[in-house]
Amino acid sequence: MPPHDGKPSSVLGDADDVDLSNNKALRHARLPQYFASDDFRNRFMEAAHFDDSEIARAMPPSTGGFLTVEQSEINNDLLGFFVDRKSDMEAEFVSELSEKIGQAKTRLFCDTIAREWSDGLSKRLKGNVLALKRSVKNYLETIIRGLTIDRIVTLSDIGPGDAMLTTQELACLLTLNDRMMHVLIDDWIERRPGASSISRSDIFYRRGIVLQELFEHEVEYFERDFISSYTLAMSVADKFSQNVKKDRAGIPAILSADCDYFLGRILFFSGFIPGMDPRQLEIGMIPADRPDKLVYQGIHAGVAEYLVGDHPITGAEEH
């Protein structure tokens, strides 16, 4: 975190003499997706000592490469819990999925995510990844009611071809991921300092993206593709949102929703997939079966923040 040159703030002093609504750090800290993060709280305390100071964000390395969770977040929010348990989680996932869809398809699915999906955009548009997307499309077409597929995913036309998994096999995969992630998140919360004050509604998955223009406030939202990458790690979303190519313009943005919002949508978690680096804490999501509301929370520390779905507290400013 860079040193501050500004004068000390009175935010931590006499509140009667301060208009807290004008404090950038405090406005950022009011966003519910950061309530449960001790790492974010430490960054806030550093920024709150100075007038007009922003809360520091994690930045992608200038040299590029694989974007991973910051060590401070691993330490302060105990995200090492997920990294350290990878071998056990892999074994459980592979064993249970093999019982449901067979060893051959389990191996094919895991290899596709670890070797093709993770390899970058070029392999996500063809081969086994495309066959997996067709599986997702077929599944969604069986559960949407009164909608066509282009109403829940932007890139809905992926052409004809074979699907990797049947609709029933994909449903088994989604159910297994739901169950394992539910137990995993609960176990992680129990090990956190102050666990009694953290609930599942405080745990958010987030997606760092680059926009060409801002989404409007409370606009109808649906996913761009049949598989979208989210993360448990605040710092990973920070890095992806600001990973703008040097020769392109863009607006850094992060989309967030609480973990239970994604029930029935988890296609994979990097901690479950053999051969996949767990340090991105990546969660692959399929689209929801309906469009939802996107709440604009403002630009904080250079990044546009959004909540997907309904939340009792949004931290959004008046529009």
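The values are calculated or read from the model by the stated rules, or taken from the named source; none is laboratory data. Keep in mind it's a predicted model, so treat the numbers as computed, not measured. Reconstructed Cβ throughout: ideal geometry from the backbone, glycine too, with neighbour counts over all protein chains shown. SASA here: full protein model, heavy atoms, side chains in, ligands and nucleic acids out. Shrake-Rupley method; radii C 1.70, N 1.55, O 1.52, S 1.80 Å.
Expected output is a single nm value to one decimal: the length gained when fully extending between Q103 and A249, i.e. 0.36 nm times separation in residues minus the C-alpha distance. What is it?
Result for the pair: 48.1 nm of gain on full extension.
Could you work out the local net charge near A253, counting Lys and Arg as +1, Asp and Glu as -1, over the other residues with Cβ closer than 10 Å to its Cβ?
With Lys, Arg at +1 and Asp, Glu at -1, the neighbours total 0.
What does the net charge come to around D225 if you take all other residues with beta carbon closer than 12 Å to its beta carbon, with K and R at +1 and D and E at -1?
Surrounding charge for D225 is +3.
May I ask what percent, to the nearest 5, of DSSP beta bridges between residues of segment 175-307 are antiparallel?
Around 85 percent of the beta bridges assigned by DSSP in segment 175-307 are antiparallel ones.
Report the FRET efficiency, 1/(1 + (r/R0)^6), for N138 and V183, where r is their Cβ-Cβ distance and R0 is 25 Å, rounded to 0.05.
0.30
Would you kindly find the accessible area of M89, with a 1.4 Å probe and non-protein molecules such as ligands, DNA and RNA excluded, rounding to the nearest 10 Å²?
10
Which entries in K137/K239; K133/K293; K100/K239; K86/K137; K24/K293 show an alpha-carbon gap greater than 32 Å?
In this structure, K100/K239 exceed 32 Å between Cα atoms.
What net charge do the residues around Q71 carry, taking every other residue with its C-beta under 12 Å from that of Q71, with Lys and Arg at +1 and Asp and Glu at -1?
-3
Any idea how far apart L263 and H49 come out in nm if each label point goes 7 Å out from Cα toward Cβ?
Placing both labels 7 Å along Cα→Cβ, they lie 4.4 nm apart.
Which percent, to the nearest 5, of DSSP beta bridges fully inside segment 253-319 are antiparallel?
The answer is about 70 percent antiparallel.
By how many nm would the segment from Y221 to F81 grow when fully extended, if each residue of separation counts as 0.36 nm and the alpha-carbon distance is taken off?
47.2 nm
³J(HN,Hα) across segment 30-46 via Karplus (A = 6.51, B = -1.76, C = 1.60, θ = phi - 60°), whole Hz, x for Gly/Pro?
Once rounded to whole Hz, the list reads 6, 6, x, 5, 10, 4, 8, 9, 5, 5, 5, 4, 5, 5, 5, 5, 5.
Would you please give the FRET efficiency between A91 and T167, computed as 1/(1 + (r/R0)^6) with r the Cβ-Cβ distance and R0 = 35 Å, to the nearest 0.05?
After rounding, the FRET efficiency stands at 0.85.
Give me the accessible area per residue for the chain, probe 1.4 Å, as a whole number in Å².
For the chain, the solvent-accessible area averages 48 Å² per residue.
Can you show me the helix-derived [θ] at 222 nm for the chain, built from DSSP H runs with n ≥ 4 at -39,500 (n - 2.57) apiece and divided by the number of residues, rounded to the nearest 500.
Calculated from helices alone, the mean residue ellipticity at 222 nm is -10000 deg cm²/dmol.
Given q = 0.20 Å⁻¹, what are the Debye log10 I(q)/I(0) values for segment 239-319, with equal point scatterers placed on the Cα positions and solvent ignored?
Log10 of I(q)/I(0), two decimals: -1.10.
Using a 10 Å cut-off on Cβ atoms, rank the peptides 198-204, 157-163 from the highest mean neighbour count down.
Going by the mean number of other Cβ atoms within 10 Å, highest first, we get 198-204, 157-163.
Express the carbon and sulfur contribution to the solvent-accessible surface of the chain as a percent, rounded to the nearest whole number, probe 1.4 angstrom.
The nonpolar share, carbon plus sulfur, comes to 49 percent.
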